[in-house]
1. Of everything in region 195-241, what is hydroxyl-bearing (Ser, Thr, Tyr) and open to solvent by 60 Å² or more (accessible area, probe 1.4 Å)? Give them in sequence order.
2. Out of all the residues in region 113-139, which are closer than 23 Å to Tyr167 by Cα and of a type outside the set (A, V, I, L, M)?
3. Within region 159-169, take every residue that is part of a strand (DSSP E or B) and of a type outside the set (Phe, Trp, Tyr) and give me the one that is surrounded by the fewest Cβ atoms within 10 Å (Cβ to Cβ).
4. Select from region 108-128 the residues that are more than 18 Å from Gly25 (Cβ to Cβ), open to solvent by 20 Å² or more (accessible area, probe 1.4 Å) and in contact (Cβ under 8 Å) with a residue 12 or more places away in the chain and list them in ascending order.
5. Being more than 30 Å from Phe204 (Cα to Cα) and in contact with a Phe, Trp or Tyr (Cβ under 9 Å, 6 or more places away or on another chain) is the filter here; which residues of region 133-146 pass it?
6. Taking the conditions exactly as written (open to solvent by 90 Å² or more (accessible area, probe 1.4 Å), closer than 30 Å to Asn212 by Cα and not charged (D, E, K, R)), does Leu172 satisfy them or not?
7. Search region 34-63 for residues that are in contact (Cβ under 8 Å) with a residue 40 or more places away in the chain and farther than 17 Å from Ile77 by Cα and pair each with any residue that is open to solvent by 30 Å² or more (accessible area, probe 1.4 Å) and among the basic types (Lys, Arg) when their beta-carbon atoms are under 7 Å apart and the residues are at least 6 apart or on different chains.
Amino acid sequence: MEDEILSLAKAIKETNKVVFFGGAGVSTESGIRDFRSKEGLYNLKSKFNVNYETILSHSYYEYHKETFFKFYKEFMINKEAKPNFAHLFLAKLENQYHKNITIITQNIDNLHQEAGSKNVIELHGSIMRNYCEKCAKFYSLDDILKIDNVPKCKICNGDIKPDVVLYEEALLETTITKALIALSEADLLIIGGTSLNVYPASSFISYFFGDNIYLINKEKLNISREIKKEIIAPIGETFKKVDQIYSNL
């Protein structure tokens, strides 16, 4: 694995435009549960007599909002979570090493921004943003947490929805466009902490036209793209080693 880590450090050092494409595994070292691993959210026994994957659908949200918000507040929000070394290293590349790096994340936890990354594309939205479905008034995460049951707008009494993309909902076209442009212009693609099972996000990597692809994941993935180097390890641990080598190159 040391050869792969050295190769990745050199690739980052020598590359102009970098894209990091990350999933739930990026935040597990911060104490946030992922979805599809053996210990993931979707493999937990449900407290609500319906599986958690179903609760995260638009149709379930529409017809069972009270249960949705009970689940959402308990399982999707973790205010104690802090950026781990993966988030911190990516921010360091941008702010200290002045790399041209774009982060495309499937996560909604805001940890990349908390770590200091500025060029972040959130494919599935963010827990930090919430809006009234009637009048579009914005509400913060703290506003939502103060309200029991289904949060209601103070202005029009409309339902307040988290600005996150649920199953059955489409990604924003502007977000898709930004992500595809970044991928198509990149010289290096690092994929980390994702099963690449969620469509359409999983299809985005086909818009990276180079062959300089590195994959960091705790489990081996079966994907059609040719990978330059595959590192089977936790991503924070991997980036810690990359950082030590990078600073000495």
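The values are calculated or read from the model by the stated rules, or taken from the named source; none is laboratory data. Please read these numbers as outputs of a predicted model, since none were measured by experiment. With ideal geometry, Cβ positions are generated from the backbone for all residues, glycine too; neighbour counts draw on all protein chains shown. In case anyone asks, the SASA skips ligands and DNA or RNA and just uses the protein heavy atoms, side chains included. Shrake-Rupley method; radii C 1.70, N 1.55, O 1.52, S 1.80 Å.
1. Result: Tyr199, Ser206, Tyr207, Ser224.
2. Passing the criteria: Glu122, His124, Gly125, Ser126, Arg129, Asn130, Tyr131, Cys132, Glu133, Lys134, Phe138, Tyr139.
3. Asp159
4. If the condition is that a residue be more than 18 Å from Gly25 (Cβ to Cβ), open to solvent by 20 Å² or more (accessible area, probe 1.4 Å) and in contact (Cβ under 8 Å) with a residue 12 or more places away in the chain, then Gly116, Lys118, Asn119, Met128 are the ones that fit.
5. Lys137, Tyr139, Ile144 - these are the residues of region 133-146 that are more than 30 Å from Phe204 (Cα to Cα) and in contact with a Phe, Trp or Tyr (Cβ under 9 Å, 6 or more places away or on another chain).
6. Spelling it out, Leu172 is indeed open to solvent by 90 Å² or more (accessible area, probe 1.4 Å), closer than 30 Å to Asn212 by Cα and not charged (D, E, K, R).
7. none
Yes or no, residue by residue, for (1) modelled with pLDDT of 90 or more; (2) of a type in the set (Asp, Glu); (3) out of contact with any helix residue (DSSP H, G or I) (no Cβ under 7 Å at 6 or more places or on another chain); (4) in a helix (DSSP H, G or I):
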site: Ile147; (1), (2), (3), (4): yes, no, yes, no
site: Ile176; (1), (2), (3), (4): yes, no, yes, yes
site: Ser184; (1), (2), (3), (4): yes, no, no, yes
site: Ile190; (1), (2), (3), (4): yes, no, yes, no
site: Phe239; (1), (2), (3), (4): yes, no, no, yes
